[in-house]
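Trainee: For reference, the structure I am asking about is given below.
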Amino acid sequence: TLSAGGYFGELALMYSCPRAATVVASSDVILEALDQNAFNVVLRRSGRSRRAAYDNFLQKVPILHSLTPEDRGKLADVLVKKKVPDGEFIIRQGDTDAQ
């Protein structure tokens, strides 16, 4: 059951595969739809915007100044944004995992 703001069909858009479910309206709904081409355009734009923002940030980190633009771009591609609640440990002295 979906509620307002819910979505479906993303796997078919992302992986060009057949629909994995049947969806039937149980009341009158207003539906917004994307075809695969529009979906891919949105993803490309979003990815470029994200990469540019991360690259801009990385250029300001002194220890990374020696990186080439290509290497900085590779690093920007794998950065992950994580929200950390107040009081939560980010790292602890003695931790050995790479997370």
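Trainee: Can you go through ALA4, ALA25, ALA21 and tell me which one is in contact (Cβ under 8 Å) with a residue 12 or more places away in the chain, exposed (fewer than 10 other Cβ atoms within 10 Å of the Cβ), assigned to a loop (DSSP other than H, G, I, E, B) and among the hydrophobic types (A, V, I, L, M, F, W, C)?
Mentor: ALA21
Trainee: When the residues of the range 28-43 are filtered to those that are of a type outside the set (A, V, I, L, M), in contact with a helix residue (DSSP H, G or I) (Cβ under 9 Å, 6 or more places away or on another chain) and part of a helix (DSSP H, G or I), which remaining residue is nearest to ASP77 (Cα to Cα)? It would help to see each step written out before you state the result.
Mentor: Of the range 28-43, the ones of a type outside the set (A, V, I, L, M) are 28, 32, 35-37, 39-40.
Checking which are in contact with a helix residue (DSSP H, G or I) (Cβ under 9 Å, 6 or more places away or on another chain) leaves us with 35-36, 39-40.
Adding the requirement that they be part of a helix (DSSP H, G or I) leaves 36, 39-40.
Numbers: GLN36: 23, PHE39: 20, ASN40: 18 Å.
Filtering first and then ranking leaves ASN40.
Trainee: What are the pairs with Cβ atoms under 6 angstrom where one residue, in the range 60-75, is more than 19 Å from ARG48 (Cβ to Cβ) and of a type outside the set (Val, Ile, Thr) and the other, located anywhere, is outside any helix (DSSP H, G or I) and open to solvent by 90 Å² or more (accessible area, probe 1.4 Å)? Sequence gap at least six, or different chains.
Mentor: none
Trainee: Another question about this same structure. Within the range 46-55, is even one residue acidic (Asp, Glu), at pLDDT 85 or above and surrounded by fewer than 11 Cβ atoms within 10 Å (Cβ to Cβ)?
Mentor: Filtering the range 46-55 down to residues acidic (Asp, Glu) leaves 55.
Those left that are additionally at pLDDT 85 or above: 55.
From the residues that got through so far, the ones that are surrounded by fewer than 11 Cβ atoms within 10 Å (Cβ to Cβ) too are none.
No: the range 46-55 contains no residue that is acidic (Asp, Glu), at pLDDT 85 or above and surrounded by fewer than 11 Cβ atoms within 10 Å (Cβ to Cβ).
Trainee: Tell me the residue from LEU31, LEU64 that is on the phi < 0 side of the Ramachandran plot and surrounded by 10 or more Cβ atoms within 10 Å (Cβ to Cβ), please.
Mentor: Working: LEU31 fails: surrounded by 10 or more Cβ atoms within 10 Å (Cβ to Cβ).
None of the other options fit; the residue is LEU64.
The values are calculated or read from the model by the stated rules, or taken from the named source; none is laboratory data. What you see is a predicted model, and the numbers here were worked out from it, not measured in a lab. Heads up, the Cβs are rebuilt from the backbone with ideal geometry, glycines too, and the neighbour counts pull from every protein chain shown. We work out accessible area using only protein heavy atoms, side chains counted, and drop any ligands, DNA or RNA first. Shrake-Rupley method; radii C 1.70, N 1.55, O 1.52, S 1.80 Å.
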